[in-house]
Amino acid sequence: MSTKQDNILEIKNLHTNFYTEQGVVKAANGLNYGIKAGEFVALVGESACGKSMSAMAIMGLIPSPPGRIEEGEILFRGEDLLKASEDRMRVVRGNEISIVFQEPMTSLNPALTIGKQISESLILHKDMSKKEALAESARLLKLVGIPDAEQRLRDYPSQFSGGMRQRIMIAMAISCYPSVLIADEPTTALDVTVQAQVLDILNKLRSEYNTAILVITHNLGIVARYADSVNVMYAGRIVESAPTDAIFAEPLHPYTAGLLTSVPRLDRDSADDLRSIPGQPPNLANLPQGCPFEPRCEFAMERCRQEQPAFEAVSENHYRACFCDVETIKKKRRENK
């Protein structure tokens, strides 16, 4: 985990609730993590654990109602964005912090040309003329690998494939060369070749412009190849955070270990059953009193049912929220290999 002084973006004790007929959904329940300039960080976890909602909170896009940020801080270069005016957030969004949304077809306006949609932020944030903005838009399309860029500026989203639309979303997100780029499941529904191309583009942006990249994903292959560090999220909280090599070599939270052992491996007999995490993720509108992973945890003890484990360092740059003895988890991990 980055130190506070290093972080360009830091989320501190974030609590985000959604008030529904079924109850209060705690999408972020004391969320903490940070990212340094030029760092590639992965935020991983099962669906509906609050990953995307944390990104929406950073961008100031939590729908209200029913959502509301109850407490916490989102510090960008030391400035708390939760206290920023809407005018200030319009400057931040798309200019200093950008996001690539999960579904490009629902994020792109079907009634506007691609050229219009990319050039809009350049005109707004970079004070370009329409001609300058369109020329820059064409350059960005070439950068993300779209051929005949000048001609394709006149096309509409429906005239592009899913992979091409995702590249267009990336072109829009990087148009102002933001300091932080959030990519929410950027490779969903893309074939493996296109996935690699999209992620290589993001990694190149990080290398050339020192952009901090936050990728929200459940694809551990992406994490292993690209991420510098990993934040593992469960039920609205980070339960483990460490450099990528440490997470894959020696996960120290039962949930992280379960995620890794559920991934198919080529070095195992094909007849072996895949190991899965038993049970279901908790209902965020009805979280248990103690550790939310306790009902699914093979190491659970009475204390886990009564108390929330603190998020603490277990070694340099390796943090977790768990009561179980580290050596016990290590031993079980070795048996499962």
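The values are calculated or read from the model by the stated rules, or taken from the named source; none is laboratory data. Predicted, not measured: the structure shown is a model, and the values here were computed from it. Methodologically, a virtual Cβ is constructed for each residue, glycine included, from the backbone with ideal geometry; neighbour enumeration extends over all protein chains shown. Protein only, heavy atoms only, side chains kept; ligands, DNA and RNA dropped before computing areas. Shrake-Rupley method; radii C 1.70, N 1.55, O 1.52, S 1.80 Å.
I'd like to check something: does segment 214-233 contain any residue that is in a strand (DSSP E or B), surrounded by fewer than 18 Cβ atoms within 10 Å (Cβ to Cβ) and of a type outside the set (S, T, N, Q)? No: segment 214-233 contains no residue that is in a strand (DSSP E or B), surrounded by fewer than 18 Cβ atoms within 10 Å (Cβ to Cβ) and of a type outside the set (S, T, N, Q).
Cβ separations smaller than 9 Å between residues 6+ apart or across chains give the following pairs from segment 114-129 residues that are over 17 Å from A149 (Cα atoms) to residues that are of a type in the set (V, I, T): H125/V91; S129/I123.
Which of the residues spanning segment 200-214 are of a type in the set (A, V, I, L, M), at pLDDT 85 or above and within 12 Å of I170 (Cβ to Cβ)? Correct list: L202, I213. Remark: P264 falls outside the filter, which requires a residue to be open to solvent by 10 Å² or more (accessible area, probe 1.4 Å), over 18 Å from F299 (Cβ atoms) and at pLDDT 95 or above. Pairing each residue of segment 277-298 that is over 17 Å from G45 (Cα atoms) with any residue that is surrounded by fewer than 18 Cβ atoms within 10 Å (Cβ to Cβ) and among the charged types (D, E, K, R), provided the two are 6+ apart or on different chains, yields C-beta distances under 8 Å for P288/R305; Q289/R305; G290/R303; G290/R305; G290/E307; E298/K332.
Answer yes if at least one residue in segment 122-142 is within 21 Å of S52 (Cβ to Cβ) and either open to solvent by 20 Å² or more (accessible area, probe 1.4 Å) or part of a helix (DSSP H, G or I) (or both), and no otherwise.
So the first thing to find is which residues in segment 122-142 are within 21 Å of S52 (Cβ to Cβ), and the list is none.
No, every residue in segment 122-142 fails to be within 21 Å of S52 (Cβ to Cβ) and either open to solvent by 20 Å² or more (accessible area, probe 1.4 Å) or part of a helix (DSSP H, G or I) (or both).
For segment 160-167, does any single residue satisfy the condition of being touching a residue at least 40 places away in the same chain (Cβ under 8 Å), in contact with a strand residue (DSSP E or B) (Cβ under 8 Å, 6 or more places away or on another chain), part of a helix (DSSP H, G or I) and open to solvent by less than 50 Å² (accessible area, probe 1.4 Å)? Yes, that holds for at least one residue.
Quick grid of which residues meet (1) of a type outside the set (A, V, I, L, M, F, W, C); (2) open to solvent by 10 Å² or more (accessible area, probe 1.4 Å); (3) in contact (Cβ under 8 Å) with a residue 40 or more places away in the chain:
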| residue | (1), (2), (3) |
| --- | --- |
| L9 | no, no, yes |
| Y19 | yes, yes, yes |
| A37 | no, yes, yes |
| L43 | no, no, yes |
| A55 | no, no, yes |
| G60 | yes, yes, no |
| A84 | no, yes, no |
| R90 | yes, yes, no |
| L108 | no, no, yes |
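In segment 186-213, the residue that is most open to solvent (accessible area, probe 1.4 Å) out of those that are of a type in the set (D, E) and part of a helix (DSSP H, G or I) is E208.
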